[in-house]
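Reviewing the structure listed below.
The values are calculated or read from the model by the stated rules, or taken from the named source; none is laboratory data. Quick caveat, the model's predicted, so the values are computed rather than measured. Note that each Cβ is placed from the backbone with ideal geometry, even for glycine, and that neighbours are counted across all protein chains shown.
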Amino acid sequence: MNSVRIVGCLCLVAMAAGLALGAETPSAQAPAKAERPTTIMLEALDPSFSALVGQEPKARLIKSGLKFTEGPTWLPGAQCFVFSDIPADTIYQWPEEGGVKEFRKPSHGANGNATDREGRLVTCEHSSRSITRTEKDGKVETIAATYMGKKLSSPNDVVAKSDGTVWFTDPPYGVPKGEAKEQDKNRVYRIDPGAKEPVSVVDDFNMPNGLCFSPDEKVLYIADSGKPHHIRRFKVKADNTLEGGEVFVTIQPGGPDGIRCDKDGRLWSSAGDGVHVFSPEGKLLGKIKTPDTPANLAFGGKELKTLFITSRTTVWVVEVLVSGAK
């Protein structure tokens, strides 16, 4: 495991600064790319950013040499993060002590993961084209595989609400080779407790991807990683239907994938150059730049102040100063 810390002092120049987090073992880092850091860096675009990440946040590269990492989530009962490596057909766990270990293999092409109100793991599986839930005894149960009698495309990302509902996106990125897409639209779905099939809540996205609730669960943010490259904001009504859907922010460079809210309602989104942090009003406050393009992120740890970033072939953790939304 590599320990990484910022070297130097935070310096704002025209409200923007880049700070390198120097690794103890440079050879463990991903190869340098044009205009990209070789380690984690900070770019402050607003004075409030340092109150979120600090001026010398501790960061660690906990795993490299992976294929395509995704789906981080914190399992409080096990006191560990889990994440997926899609091409490796594996879900890994990181309990910190002992390093990264296999959690499940094969994973059936697992992508997004979430933790429900009972502390169970909920997973999007590409190969089985389904949403599964891992019970406390380790049994894996399918909770959704079809909509209107037709197979789901390839569930991508998932979030669990405190009322027991499970919400997920279903773009066709991972439709298994040789199988046909059966759904006519790329939808966002809600699974109600005990229901045999999910309910479609939104059907006008190009490629719906990451999603997360505001801390009070009155707002649902949904990323579109297709042509729009934006994140939309929906009001969650009392009956769990959605209204609104205006564009909250557009991500550049790259596009949004995984997204999370912190306890104060700020939105943290993956982007082409790292993790972008936005105020509840949509103002870009700053960036955590990563060597590889990040796919997803999650808050965890005892105080939910550890930011876990799955960044293509590498996985990082950064100790921040604000807690993630529960």
Handout entry: Only one of GLU281, GLU319, GLU303 that is more than 15 Å from the chain's Cα centre (by Cα) and either crowded, with 24+ Cβ neighbours inside 10 Å or over 19 Å from PRO76 (Cβ atoms) (or both)
Key = GLU281
Handout entry: Residue in region 256-276 that is farthest from ALA223 (Cα to Cα), counting only those that are buried (at least 24 other Cβ atoms within 10 Å of the Cβ) and touching a Lys or Arg at 6+ places or on another chain (Cβ under 7 Å)
Key = GLY274
Problem - Single condition ILE91 does not satisfy, out of (1) surrounded by 15 or more Cβ atoms within 10 Å (Cβ to Cβ); (2) at pLDDT 95 or above; (3) hydrophobic (A, V, I, L, M, F, W, C); (4) within 26 Å of VAL277 (Cβ to Cβ) - result: (4)
Completion exercise
Reported set for region 56-91 where residues are among the β-branched types (Val, Ile, Thr) and either in contact with a helix residue (DSSP H, G or I) (Cβ under 7 Å, 6 or more places away or on another chain) or in a strand (DSSP E or B) (or both) is ILE62, THR69, THR73, VAL82, THR90, ILE91
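Rundown of residues vs (1) of a type outside the set (A, V, I, L, M); (2) touching a residue at least 60 places away in the same chain (Cβ under 8 Å); (3) more than 18 Å from TRP74 (Cβ to Cβ), yes/no style:
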{"site": "ALA88", "(1), (2), (3)": "no, no, yes"}
{"site": "TRP94", "(1), (2), (3)": "yes, yes, no"}
{"site": "GLY98", "(1), (2), (3)": "yes, no, no"}
{"site": "LYS101", "(1), (2), (3)": "yes, no, no"}
{"site": "ARG104", "(1), (2), (3)": "yes, no, no"}
{"site": "ASN111", "(1), (2), (3)": "yes, yes, no"}
{"site": "ARG117", "(1), (2), (3)": "yes, no, no"}
{"site": "LEU121", "(1), (2), (3)": "no, no, no"}
{"site": "CYS124", "(1), (2), (3)": "yes, no, no"}
